[in-house]
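Data first, discussion second: the structure below is written as C-alpha cells.
The values are calculated or read from the model by the stated rules, or taken from the named source; none is laboratory data. Predicted model only: the values in this text are computed from it and were never measured. Don't worry about glycine lacking a Cβ; one is built from the backbone with ideal geometry, like all the others, and counts go over all protein chains shown. Quick note on the areas: whole protein, heavy atoms, side chains included, nothing else; ligands and nucleic acids left out. Shrake-Rupley method; radii C 1.70, N 1.55, O 1.52, S 1.80 Å.
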Amino acid sequence: MSDTHVFEDIPLSREQVVNCSFSNWYWRYKSHVPKSRVIKPLPQSFMEYLGADGIVLPEDGHYEVEMGDGDGEYSDWSDEDGADKTDASKDQQKVFAQFQDVHDQIKQTIKEWGAVTPKLNWSAPRDATWILPSNTMKCTNASDVYLLLNASNYVMHDLAHAFDDVTTKEGDEIKETQTEFELVLRKWVNINPALEFRVFVKQNEIVGISQRDLNYYDFLKPLESTIRELVETFFDEVLRETFPDDDYVFDVYLPRPFDKTFLIDINPFARVTDSQLFTWHELSQLTPQDDYELRLVTEVNKGRFAVKEHTENQVPKDVVDASLDSNAMAELAKQWQELQMKAEK
Ligand SMILES: Nc1ncnc2c1ncn2[C@@H]1O[C@H](COP(=O)(O)OP(=O)(O)O)[C@@H](O)[C@H]1O
Ligand SMILES: [Mg+2]
C-alpha cells in the first residue's frame, strides 16, 4: 500500500539485510520451514547467465528429469532441434556447461522432490509466473527454474540492488562481496494463500499481523483467535529469543488443521518489505506496548485491495514496449512460442 503521510525515516542496516538472507536463518529454523536446498556459492557464470538479456534454455532441461513421458512429442521436437541446430545454439548450450554443477543439482533436486519453487537470497520470482503455462512458481524441470529466474524483476533486484535501501552505517564492514549469492530450491507445497500471514515485529514484540494475499476470504474472520494464538506461540517458542534483530517481518503459513506453523520467510522491518494491510507510516508509529492488530480484508473494504499487489510487474516490459510496435510484437510472440514449446518439451 502506498503511504499518503509524510515520509517517516525507517532505518535499515546492511546487517538486517544480511540476517534475512535465506541461508542465514534457514538452518536454525529448519524444522519449521518447508524442505529446502541451498545451492551456494553460485559460480560467476551462473550469475552472468541470470543477469544477461534474453533467455537461453538448456536442451536437456526437461527430458532428463521426466523420463518416459511417452507421448511422442519429445522425439518430434528433438528431431527438429537436431536438424537445424546452428552453431549459435551450440554456443548457447555451452553456457550450461559452465555451471554444470548447479544445473545438475537443480535437475537432481527436482528428480528427488517432483517439483520445486526457486528463490535467491531474499526474493522469489512472484512477478514472473506469467512465463510458465501453469501461471505459478511450480517448477517440474530445470527450464522452468531458469525461465522464472530470468523473467523476474524481483530476482534481478536481489542480484543488483540488494543493499540499495540501506540507510545506516551499521554493519558497514559487511561488504557486498562477502554476501554470497545463493539459489534456494524449496520443495513445492500446495499452499492456500488465504492462510499466509505477515507478522511485523518491533523491539522484539509483535506489533501487527496482516493477511498476505489481499483477497477477501469469508472464512478468516472466525479464525482470528486461532491465527493470533498460533502466531504468538510460534514467535515465543521459535523466533523471539533466537533471531538476531529486534525489528523484522516474518511470513508464516497456517494450514488446516492448525496444528503446525510453517515459517516461509523473514524480511527486514523496512520499506523494502511490503506492508500489506498496514502502511509503513502506521508501522513506524506503533509501539510494542499497544495491543497489536490482526488485519484481514473484510467484506466492507475488499474493493480497496481488489487490485493485485505488484500488478505493475505482472506484464513484462518487453510486452508493454512491443504492444506499441507491431514488428516487435510479432517477434516477441514468436520467441514466446518457442520458449513455451521448449518448456513443454
Ligand atoms: N515450498 C513452497 N511451495 C510452494 N509455494 C511456496 C513455497 N514457499 C513459498 N511459496 C510461495 O511463494 C511466495 C513467496 O515466497 P517468499 O519466500 O515469501 O518470497 P518473497 O520474499 O520474494 O515474497 C509465498 O508467499 C508462498 O505463497
Ligand atoms: Mg520475503
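Of the accessible area of the stretch 190-305, with the probe set at 1.4 angstrom, what percent is carbon plus sulfur?
Values: 2350 of 5190 Å².
Result for the stretch 190-305: 45 percent of the exposed heavy-atom area is carbon or sulfur.
For the peptides 33-45, 100-112, 117-129, what is the packing order when you average, over each peptide's residues, the other Cβ atoms within 10 Å and list the highest mean first?
Details: 33-45: 15.3, 100-112: 17.5, 117-129: 22.1.
Top to bottom by mean Cβ count within 10 Å: 117-129, 100-112, 33-45.
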Protection-proxy order for peptides 223-229, 15-21, each taking the mean of Cβ atoms within 10 Å per residue, highest first
15-21, 223-229
Kirkwood-type radius of the stretch 190-305, with distances r between different C-alpha atoms, in Å:
14.4 Å
State in Å² the accessible area per residue of the stretch 117-202; use a 1.4 Å probe, count heavy atoms of protein chains only, and round to the nearest integer.
39 Å²
Sorted by chain and then number, the residues having a modelled amide H within less than 5 Å of the amide H of residue 293, at least 5 places away or on another chain, are 209
Kindly rank 199-206, 254-261, 137-144 from highest to lowest mean number of other beta carbons found within 10 Å of each residue.
137-144, 199-206, 254-261
